[in-house]
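Below is one structure, written out as structure tokens; comments come after it.
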Amino acid sequence: RLGVSRNAVWKAIKALQADGYPIQAVPNRGYCLAASSDVLSESGIRQYLSGEARELILHVYDSVDSTNAVLKSLANAGAPEGTVVIATEQTGGRGRKGRSFYSPQGTGVYVSLLLKPKIAPDDATLITTTAAVAVCGAVEALSGEAASIKWVNDVFLRGKKVCGILTEGAFDMESGQFDYAILGTGINIYKPGGGFPAEIREVAGSVLDSPAPDAKNRAIAEYLNHFLPLYRSLGSAETNAEYKKRSFVLGKMVNVLSGNGATPARALDIDERCRLVVEYADSRREALSSGEISVRVL
């Protein structure tokens, strides 16, 4: 009825299989996409986008060195705000303070979003904290379980880290504002075969314990759908309150890590600029900036 030969169908199926799609074949009947299919693709993501997220420019790759690095090249070439680079693997993924970010093939999603915010560099933390709130929404939509945040950029589920966020930027020296910012997010959808590497095994976790249909495409779309409305009101009291509500650091003893070593303190509050307010043993209080310092829950 369609005027398509059996040989043409066979070639198309082989092309889909080469791209990683699980295809079930039944003799004398034909082919069917497996119900558990979870292959990342632009069309797969777009079917779940809503609102202004539908206007985003998506670049989807199987493997890249770093989604942030790829997007930086596009930004320097004049790419507009709303350009997104997505991959299923990073061979050189990076976290905060130059640390490597484990980004294996097939188990996670790695996404970088180009932004051009009208804020001062000192308020860059607000981009990261807003993204953390959006990731929590995406993780909860996917898993049905409550997610929490470790200040400043880690999202946890069931007591394990399932997402890391890295915001980088270029600045206009004349105006003192961002030329552009790149918001990089890595989410562990599944556990890798053989488990996580020994150095992160105790802390790393995954959103799902078993394969689910279109989980990767849905995770990215949910994240972008949640993030963009929050970004339009960056630094709002409502978003900051949501971030604070999800924090599991408050009220706990932490080690404040700086160039001078580790200093014990109690995490008291998160202020209106999403800085962590801590109190040291000598009763001295300090509002910590994410660019200056890290914390480790004791």
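Some points to look at:
- Meets criteria (part of a loop (DSSP other than H, G, I, E, B), within 30 Å of Ser236 (Cβ to Cβ), open to solvent by 20 Å² or more (accessible area, probe 1.4 Å) and modelled with pLDDT under 95) for Lys118: yes
- Every residue from the stretch 211-254 that is among the hydrophobic types (A, V, I, L, M, F, W, C), farther than 17 Å from Glu272 by Cβ and not in a loop (DSSP other than H, G, I, E, B): Ala215, Ala219, Ile220, Ala221, Leu224, Phe227, Leu228, Met253, Val254
- Residue that is modelled with the highest pLDDT [pool: residues in the stretch 19-32 that are open to solvent by less than 90 Å² (accessible area, probe 1.4 Å) and closer than 21 Å to Asp62 by Cα]: Ile23
- Within the stretch 221-244, tally of residues that are surrounded by 16 or more Cβ atoms within 10 Å (Cβ to Cβ) and either free of Cβ contacts under 8 Å to residues at least 40 places away in the same chain or of a type in the set (Phe, Trp, Tyr) (or both): 5
- Of the residues Ala124, Ala132, Ala198, the single one that is under 22 Å from Leu257 (Cβ atoms), crowded, with 18+ Cβ neighbours inside 10 Å and at pLDDT below 95 is Ala124.
- The residue that is farthest from the chain's Cα centre (by Cα), among those in the stretch 72-88 that are part of a loop (DSSP other than H, G, I, E, B) and surrounded by 13 or more Cβ atoms within 10 Å (Cβ to Cβ), is Ala79.
- For the stretch 47-71, the set of residues classified as assigned to a helix (DSSP H, G or I) and touching a residue at least 60 places away in the same chain (Cβ under 8 Å) consists of Gly51, Glu52, Ala53, Thr67, Asn68, Leu71, listed by residue number.
- Neighbours by Cβ (under 6 Å, 6+ apart or cross-chain): first from the stretch 250-277, at pLDDT 90 or above; second part of a loop (DSSP other than H, G, I, E, B) and open to solvent by 60 Å² or more (accessible area, probe 1.4 Å): Met253/Leu298; Ala267/Lys252
- Complete set of residues in the stretch 5-18 that are closer than 27 Å to Val60 by Cβ and either among the aliphatic types (A, V, I, L, M) or over 41 Å from the mean Cα position of the chain (by Cα) (or both): Ala8, Val9, Ala12, Ile13, Ala15, Leu16, Ala18
The values are calculated or read from the model by the stated rules, or taken from the named source; none is laboratory data. Treat the numbers as computed from the prediction; the structure is a model and nothing was measured. Cβ sites come from the backbone with ideal geometry, for glycine too, and all protein chains shown count toward neighbours. In case anyone asks, the SASA skips ligands and DNA or RNA and just uses the protein heavy atoms, side chains included. Shrake-Rupley method; radii C 1.70, N 1.55, O 1.52, S 1.80 Å.
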